[in-house]
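Only one structure is covered here, and it is reproduced in the block below.
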Amino acid sequence: MAPYRMRCIECGKEHDMGRPAYACSSCGNLLEIEMDAGEAAKRLAGSDFRKRPISVWRYKELIPVGPKAKVFTLNEGGTPLYDCPRLADAIGLRRLRVKFDGTNPTGSFKDRGMTVGITKAKELGMKVVTCASTGNTSASLAAYAGLADLRCIVLIPEGKVALGKLAQAMIHGSTVVTVKGNFDQALDMVMKSSEELGMYVLNSVNPFRIEGQKTAAYEVCDQLGARNPEFLYIPVGNGGNSAAYWKGFFEYEALGLVEGHPRIRGVQAQGAAPIASMFVDDSDRFVPVKNPDTVATAIRIGNPANWKKTVRAIRRSGGTVSTVIDDEILKAQRLLAKREGIFAEPAGAAALAGLIKDLANGSIDKSDDVVCVSTGHGLKDPDIAIAQSGKPRTIDASMSALKRLVQEN
Ligand code: F0G
């Protein structure tokens, strides 16, 4: 029996995994892949997965693509879980680890989902792939579409995508369309037109994207030696990655590979925080933010498509979602860079900013065991790094000028 089914997250209706689908044909809610842990465990038992290098496809028995599928990969995953003693010391935590997913092939966690999503797109026989993006999804999709020889059309909000991400989408050969609107409007367009235009959507509403991204949680458990952290801090934008991490931890526990699961603490930027508001108000009512704004353009999202999925996931984990302001995000970005040599883009520092705030307000104790997820590389957004750093010093081309500078205190 196949260990996977695709179901609606709300009414449970089963959908055919052999056809492109993102939302339930009965009630319109999102779809997710459900794993039968017993069947999946049988598959794993007969495999040598522990001998494979740590990566997304190390866990291929737990990824729902057909046995004959041709896998399109750039060797994604296997990202470092850094022990960060200097950072822990600076923020007043006994021990801190950072899962740096900015070291993926295109510089963000999106590659984990895209290798699976593009493999699935080819399995389904799709010819054109598309997404709306705040930048990283488009960069990743463009790279994998090139690899798989698929036409790729990406929609990005005009003027709000970091330079590095734009460069990536362009050099990999996608058709880049700038929309005079925000991410939420671009995603709305993609979702409404994809079926009519025969395009396969590779935003995180695509359940196969989540199946790739969940491997980051498997990796964290494996890197800790078959153990979970007590808390996992993660930035939340469209809500896909936090839901994916929960799925990974939940499945690993169900498979008997680890005991228990971490509490997930999502972090949103204050100007784009509709999910955090639900937690603050302890409410089930989702109210989108009309004009989201934050320096962390990757999570500048007011109407997260996965809100229901991730709110459930984070609640089930015993976690919560909080907010941080832009200054806190930038301070965390500098701390990561200066103290640990980890250059994250602003969204990739938001989780650390949330942790620092929780330490200050007492909702984390200094002895708690914490992993922070850093989702994207700092080179994606060079402008923001330069804007908050001192200007380079200019000196005459002479030894004496250099000597004077070195001898300054
Ligand atoms: N961090 C980075 C660096 C991101 O690029 C994103 C999302 C997130 C965090 C939030 O993850 O949406 O799964 O909750 N970027 C998307 C994009 C929206 O288009 O690249 P999420």
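The values are calculated or read from the model by the stated rules, or taken from the named source; none is laboratory data. Remember, predicted model here, so these are calculated numbers, not experimental data. Every residue, glycine as well, gets a Cβ built from its backbone with ideal geometry; the counts of neighbours run over all protein chains shown. The accessibility values were calculated without ligands, DNA or RNA, using every heavy atom of the protein model including side chains. Shrake-Rupley method; radii C 1.70, N 1.55, O 1.52, S 1.80 Å.
Considering segment 270-327, and only residues there that are within 18 Å of the chain's Cα centre (by Cα) and open to solvent by 40 Å² or more (accessible area, probe 1.4 Å), the residue that is nearest to the ligand (Cβ to nearest atom) turns out to be Trp307. Filter segment 145-159 for residues that are open to solvent by 30 Å² or more (accessible area, probe 1.4 Å) and assigned to a helix (DSSP H, G or I) and give the result. Hits for segment 145-159 are Gly146, Leu147. Can you tell me which residues in segment 218-246 are surrounded by fewer than 21 Cβ atoms within 10 Å (Cβ to Cβ) and either under 18 Å from the mean Cα position of the chain (by Cα) or on the phi > 0 side of the Ramachandran plot (or both)? Gly225, Ala226 - these are the residues of segment 218-246 that are surrounded by fewer than 21 Cβ atoms within 10 Å (Cβ to Cβ) and either under 18 Å from the mean Cα position of the chain (by Cα) or on the phi > 0 side of the Ramachandran plot (or both). Against the list (1) more than 11 Å from the ligand (Cβ to nearest atom); (2) on the phi > 0 side of the Ramachandran plot; (3) surrounded by 22 or more Cβ atoms within 10 Å (Cβ to Cβ), the condition Gly173 fails is (3).
In the set Ala162, Ala142, only one residue is open to solvent by less than 20 Å² (accessible area, probe 1.4 Å) and under 28 Å from Ala69 (Cα atoms); that residue is Ala142.
Going through segment 125-135 one residue at a time, which ones are open to solvent by 10 Å² or more (accessible area, probe 1.4 Å) and within 8 Å of the ligand (Cβ to nearest atom)? Full working, then the answer.
To start, the set of residues in segment 125-135 that are open to solvent by 10 Å² or more (accessible area, probe 1.4 Å) comprises 125-128, 134.
Selection gives Thr134 alone.
Listed conditions (1) of a type outside the set (D, E, K, R); (2) open to solvent by less than 10 Å² (accessible area, probe 1.4 Å); (3) touching a helix residue (DSSP H, G or I) at 6+ places or on another chain (Cβ under 8 Å); (4) closer than 23 Å to Trp246 by Cβ are all met by Tyr200, apart from (4). Answer yes or no as to whether Gly102 is assigned to a loop (DSSP other than H, G, I, E, B), touching a Phe, Trp or Tyr at 6+ places or on another chain (Cβ under 9 Å), open to solvent by less than 40 Å² (accessible area, probe 1.4 Å) and not hydroxyl-bearing (Ser, Thr, Tyr). Judged against the criteria, Gly102 is not a match.
Evaluated against (1) within 16 Å of the ligand (Cβ to nearest atom); (2) out of contact with any His (no Cβ under 7 Å at 6 or more places or on another chain); (3) in contact (Cβ under 8 Å) with a residue 40 or more places away in the chain; (4) not hydrophobic (A, V, I, L, M, F, W, C), Lys122 falls short on exactly one condition, (1).
Arg209 passes every criterion in (1) of a type in the set (Lys, Arg); (2) closer than 30 Å to Arg263 by Cβ; (3) away from the ligand (no atom under 12 Å from the Cβ) apart from (3). Out of everything in segment 225-253 that is in contact (Cβ under 8 Å) with a residue 24 or more places away in the chain and among the small types (Gly, Ala, Ser), what residue ends up being farthest from the ligand (Cβ to nearest atom)? Once the filter is applied, the top-ranked residue is Ala226.
Scanning segment 328-341 finds no residues that are open to solvent by 40 Å² or more (accessible area, probe 1.4 Å), within 21 Å of the chain's Cα centre (by Cα) and within 13 Å of the ligand (Cβ to nearest atom). Val116 falls short of the stated requirement of being within 16 Å of the ligand (Cβ to nearest atom) and assigned to a strand (DSSP E or B).
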